[in-house]
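Participant: One structure coming up, written as structure tokens, with questions to follow.
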Amino acid sequence: MSDLCFTLRGLTNNFQPLIEQLRAGDPRALARVISTVENRGPGWSELLKALFPHSGHARILGLTGPPGAGKSTLVDQLARHYRKENRTVGIIAVDPTSPYTGGAILGDRIRMQEHFSDPGIYIRSMATRGSLGGLARTTADVATVLDASGRDLVMIETVGVGQDEVDIVRLADITIVILVPGMGDDVQTIKAGIMEIADIFVINKCDREGAERVEREIRALQSLAVRTDKWTPPIVKTVASQGAGITELAAAIRDYEAYLQKENLVLKHSVDSWQNRLLEMLRDALLERAQEQLANGAVARYAAEVAEHKRDPYSLVEEIVNTLGK
């Protein structure tokens with residue numbers, strides 16, 4: 001056995017008590033593992049390797065939509081619904097990054113404080129830390145940790161950046177797009193981005209004027225294209241602040257789960273998702289390796305050479321890429 005294999009095994013064994021505590025439902029162990037993974041602390045990779053075999057059982061729900069759509073309230077009400085069914089829930093709330101502290105500006109744990117005493121719900125706020133697409137870079141890894149901890153459902157509430165917010169479809173088993181009346185041009189303002197990723201549409205705050213108009217526009221857009229899986233996303237109307245429509249939303253989620261099972265699409269969906277995620281993981285790993293090799297001001301030096309036209313950037317990038325494999 002090589003020294004590397006021995007080291008990796010030893011590191012994994014050191015984490016074994018922590019993993020056992022997490023699997024047993026210890027919230028402190030869960031918080032510690034998530035913090036290690038999110039902050040890329042010592043051993044984060046080994047933790048994920050050890051936890052991955054225990055994952056793959058939770059249903060991952062992604063909730064996305066424009067700012068002000070009521071995503072947090074809807075997540076809160078869905079969590080209440082599932083807890084009444086005695087199902088355990090993990091919530092990842094991705095918030096904008098503070099330019100001062102680097103942390104989440106509006107932690108959703110503040111909005112869901114009454115769940116703190118319920119061990120069946122675990123809420124984690126994450127800062128985007130500059131990531132585009134509505135998700136933090138480590139959101140997928142944190143979802144894996146929650147999955148491996150034995151949660152029945154993991155709900156991911158994205159930051160609400162609008163039409164760029166499409167990364168969630170690569171991670172969630174079911175993507176719920178939340179819209180509200182009174183968005184100016186309503187659906188037209190965001191159809192170029194998140195409209196195509198919805199498995200279920202929710203028109204929240206449907207007690208407001210204009211809800212029928214939003215529904216008509218969604219149906220008009222649906223008539224223009226047919227999904228490859230032949231599923232027509234249902235439209236559910238809710239008033240999340242009052243708990244109205246939550247039962248219907250849960251039923252729509254069950255219907256889509258049943259459809260995926262009936263059409264044998266569960267594995268295909270998972271393969272498609274992992275294809276995208278593996279490419280992202282490779283990109284991140286290669287970027288980290290490149291940054292390691294370009295330490296000590298190398299990037300600034302290369303940038304100066306390119307800016308002064310002493311060398312071209314295309315050959316430079318080819319050189320750097322070629323050295324990564326050596």
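Participant: Sum up the charges of everything whose Cβ sits under 11 Å from the Cβ of ALA31, counting Lys and Arg as +1 and Asp and Glu as -1, but leave ALA31 out.
Facilitator: Values: positive: ARG28, ARG32, ARG124; negative: ASP26, GLU38.
That works out to +1.
Participant: Now for a different question. Using a Förster distance of 51 angstrom, determine the FRET efficiency expected from the C-beta separation of ALA244 and ARG301, and round it to 0.05. Don't jump to the answer; show the numbers that get you there.
Facilitator: Working: r = 61 Å, r/R0 = 1.19.
With R0 = 51 Å, the Cβ-Cβ based efficiency is 0.25.
Participant: In sequence order, what are the phi-derived ³J(HN,Hα) couplings for segment 70-87 according to the Karplus relation 6.51 cos²θ - 1.76 cosθ + 1.60 with θ = phi - 60°, rounded to whole Hz, with x for glycine and proline?
Facilitator: Residue by residue, segment 70-87 yields x, 4, 4, 5, 5, 4, 4, 5, 5, 4, 4, 4, 6, 5, 5, 8, 6, 9 Hz.
Participant: Would you grab the residues whose amide H sits under 5 Å from the one on THR238? Only those 5+ places off in sequence or on another chain, please, with H modelled 1.01 Å from N.
Facilitator: ILE203, ASN204, LYS205, CYS206
Participant: So, R0 is 30 Å and r is the distance between the beta-carbons of SER315 and LYS49; what FRET efficiency does that work out to, to 0.05? Numbers along the way, then the final one.
Facilitator: Values: r = 37 Å, r/R0 = 1.24.
That pair, SER315 with LYS49, gives E of 0.20.
Participant: Then there is this: Search the structure for amide H atoms under 5 Å from the amide H of ASP95, placed 1.01 Å from N in the peptide plane, and list their residues when 5 or more places away or on another chain.
Facilitator: Amide H to amide H, under 5 Å and 5 or more residues apart or across chains, ASP95 pairs with MET126, ALA127, THR128.
Participant: Still on this structure, please answer the following. Fewest to most neighbouring Cβ within 10 Å: what's the order for TYR82, TYR314?
Facilitator: Values: TYR82 22, TYR314 9.
Result, fewest neighbours first: TYR314, TYR82.
Participant: Can you give me the long-range amide H partners of ILE156? Hydrogens built in the peptide plane at 1.01 Å from N, cutoff under 5 Å, separation of 5 or more residues or another chain.
Facilitator: When sequence neighbours closer than 5 places are left aside, the close amide H contacts are LEU61, GLY62, LEU63, ILE92.
Participant: Would you mind computing the Rg to Rh ratio of segment 168-326 from its alpha-carbon coordinates, Kirkwood style for Rh? Write down the numbers at each step before the final one.
Facilitator: Values: Rg = 23.2 Å, Rh = 19.6 Å.
With Rg and the Kirkwood Rh in hand, the quotient comes to 1.18.
Participant: Whole-Hz ³J(HN,Hα) for each residue in segment 196-202, computed from phi via Karplus 6.51 cos²θ - 1.76 cosθ + 1.60 with θ = phi - 60°, x for glycine and proline: what do you get?
Facilitator: 7, 9, 6, 8, 9, 9, 10
Participant: Sticking with this one: Could you list HIS57, HIS81 in order of exposure, starting from the residue whose Cβ has the fewest other Cβ atoms within 10 Å? Walk me through the numbers on the way to the answer.
Facilitator: On the way: HIS57 10, HIS81 16.
So the residues, fewest neighbours to most, are HIS57, HIS81.
Participant: Hey, another quick one. Which aspartates and glutamates does LYS262 reach when only Cα atoms under 13 Å apart count, and residues fewer than 8 places away in its own chain are ignored?
Facilitator: ASP229
Coordinate-derived values only; no laboratory data. The structure presented is a predicted model; accordingly, all values stated were derived computationally and were not measured. So basically every Cβ, Gly included, is an ideal-geometry build from the backbone, and we count neighbours across all protein chains shown.
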